[in-house]
1. Would the range 232-252 turn up any residue that is more than 30 Å from E157 (Cα to Cα), out of contact with any Ser or Thr (no Cβ under 8 Å at 6 or more places or on another chain) and either among the charged types (D, E, K, R) or modelled with pLDDT of 95 or more (or both)?
2. For T133, work out the one condition from (1) within 20 Å of F249 (Cβ to Cβ); (2) open to solvent by 10 Å² or more (accessible area, probe 1.4 Å); (3) polar (S, T, N, Q) it doesn't fulfil.
3. Restricting attention to the range 185-226, which residues are acidic (D, E) and closer than 21 Å to S270 by Cα?
4. Report yes if P172 is open to solvent by 20 Å² or more (accessible area, probe 1.4 Å), modelled with pLDDT of 95 or more and touching a Gly at 6+ places or on another chain (Cβ under 7 Å), otherwise no.
5. When the residues of the range 186-203 are narrowed to those that are closer than 16 Å to D237 by Cβ and of a type in the set (G, A, S), which ends up surrounded by the most Cβ atoms within 10 Å (Cβ to Cβ)?
6. Pick from K85, K143: which is open to solvent by less than 60 Å² (accessible area, probe 1.4 Å) and among the basic types (K, R)?
7. Does S138 fit the bill of being open to solvent by less than 70 Å² (accessible area, probe 1.4 Å), among the small types (G, A, S) and in contact (Cβ under 8 Å) with a residue 60 or more places away in the chain?
8. Show me the strands (runs of 3 or more DSSP E) entirely contained within the range 27-95 in which 1 or more residues are farther than 19 Å from Y229 by Cα.
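The values are calculated or read from the model by the stated rules, or taken from the named source; none is laboratory data. Values in this document were obtained by computation on a predicted structure and should not be read as measured data. Cβ: placed from backbone, ideal geometry, glycine included. Neighbour counts: every protein chain shown. Surface accessibility is based on the protein's heavy atoms, side chains included, excluding ligands, DNA and RNA. Shrake-Rupley method; radii C 1.70, N 1.55, O 1.52, S 1.80 Å.
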Amino acid sequence: MANQAQAVLTRTDSAKATEKAICTAKSLFEHKLGSKLNLMKVSAPLFVAGSTGINDNLNGWERSVSFDAAGCKDMSLEVVQSLAKWKRLAARYYGLQPGEGLYADMRAIRRDEELGPLHSLLVDQWDWELVITKQQRSMDTLKDKVQLIYAALKETESELAALDPLLPPFLPEDISFVTSQELEDRFGAETAPKEREQLIAREKGAVFLMQVGGRLASGQPHDGRAPDYDDWQLNGDIIVWNPVLEMAFEISSMGIRVDEESLVRQLQESGCAERAELPFHQMLLGGELPYTIGGGIGQSRVAMLLLRKSHIGQVQMSVWPQDMMNACRDQQIELLNVMA
């Protein structure tokens with residue numbers, strides 16, 4: 001750790017120093033996350049068979065990156081968009097019991113992402129899943145795990161501050177909780193969901209926005225969610241106020257996973273009841289999968305936040321339009337790019 005500490009303490013704006021600082025921040029947080037949630041690290045797939053229903057279809061309209069391979073004839077393979085459903089199968093595969101969990105380094109390609117300071121074609125997450133009992137499928141369980149994740153973030157922030165005086169802590173001591181309906185009631189249905197997030201994040205500093213996916217009193221959902229991994233009554237997003245960008249900044253989407261009843265209800269509400277015939281969904285409906293809670297925590301998002309970066313391209317290697325790279329350079333924002 002001594003070498004890592006020195007790298008942060010003596011960091012400059014060079015790409016080499018930035019990479020060392022990113023490694024330090026990620027290593028600190030990853031260790032704390034695994035310890036607090038009792039997670040073991042496992043290997044994860046970069047692609048899955050499209051016919052299994054395992055791949056996350058996100059909001060339902062994003063296109064996966066698919067390809068064929070000489071060694072897998074008559075099979076369409078898809079680069080993962082997240083590991084939301086795969087992790088539940090993995091928990092069963094490893095024979096995990098309630099209170100035991102897993103996490104993996106997830107790398108995904110999201111080809112329809114709108115590129116910008118917060119969004120890249122490359123998605124990197126700590127994807128985690130924890131086995132729970134049927135009785136633990138509750139709001140109390142959800143809030144408890146959110147508080148543990150936030151504690152890991154706060155402790156990482158504190159340790160980085162001890163290594164580098166240019167990184168003083170800014171996150172509030174505690175994270176607040178609010179439902180998407182409470183947010184609509186308070187700020188009005190005429191305000192856009194992202195505007196509501198902006199207002200509550202500025203006020204609270206850190207908030208867990210609960211119950212995302214289902215329709216609100218206005219008839220519209222706060223945001224889209226796939227119907228077959230999170231229970232829309234028991235999920236949410238960790239959002240903090242980013243002082244560099246001066247905006248609401250989501251670092252995690254998570255939730256208690258669907259059980260048999262909520263899966264059927266949400267598939268019907270989403271107009272995709274036929275998905276229940278896919279292998280993954282048949283296993284879930286047949287009671288072959290454990291009850292779990294899980295989510296994804298953005299690795300680049302955490303690094304951006306804690307290292308005070310203003311563009312995600314400063315903490316990950318990706319591909320950017322030339323005009324965006326030029327605009328960043330004009331603002332003295334150097335994106336990580338070996339072709340620069």
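1. Within the range 232-252, the subset more than 30 Å from E157 (Cα to Cα) is 232-233.
Still in the list and also out of contact with any Ser or Thr (no Cβ under 8 Å at 6 or more places or on another chain): none.
Scanning the range 232-252 turns up no residue that is more than 30 Å from E157 (Cα to Cα), out of contact with any Ser or Thr (no Cβ under 8 Å at 6 or more places or on another chain) and either among the charged types (D, E, K, R) or modelled with pLDDT of 95 or more (or both).
2. Among (1) within 20 Å of F249 (Cβ to Cβ); (2) open to solvent by 10 Å² or more (accessible area, probe 1.4 Å); (3) polar (S, T, N, Q), the lone unmet condition for T133 is (1).
3. Initially, the range 185-226 is screened for residues acidic (D, E), giving 185, 190, 195, 197, 203, 223.
If the condition is that a residue be acidic (D, E) and closer than 21 Å to S270 by Cα, then D223 is the only one that fits.
4. Details: open to solvent by 20 Å² or more (accessible area, probe 1.4 Å): yes; modelled with pLDDT of 95 or more: yes; touching a Gly at 6+ places or on another chain (Cβ under 7 Å): yes.
Considered against the rule, which asks whether it is open to solvent by 20 Å² or more (accessible area, probe 1.4 Å), modelled with pLDDT of 95 or more and touching a Gly at 6+ places or on another chain (Cβ under 7 Å), P172 comes out as yes.
5. Only one residue fits best here, namely A201.
6. Working: K143 fails: open to solvent by less than 60 Å² (accessible area, probe 1.4 Å).
The unique qualifying residue is K85.
7. Working: open to solvent by less than 70 Å² (accessible area, probe 1.4 Å): yes; among the small types (G, A, S): yes; in contact (Cβ under 8 Å) with a residue 60 or more places away in the chain: yes.
Taking the combined requirement at face value, the residue satisfies it.
8. Values: elements: 39-41, 47-49, 66-69, 72-79.
Because the criterion is at least 1 residues that are farther than 19 Å from Y229 by Cα, the strands (runs of 3 or more DSSP E) in the range 27-95 that meet it are 39-41, 66-69, 72-79.
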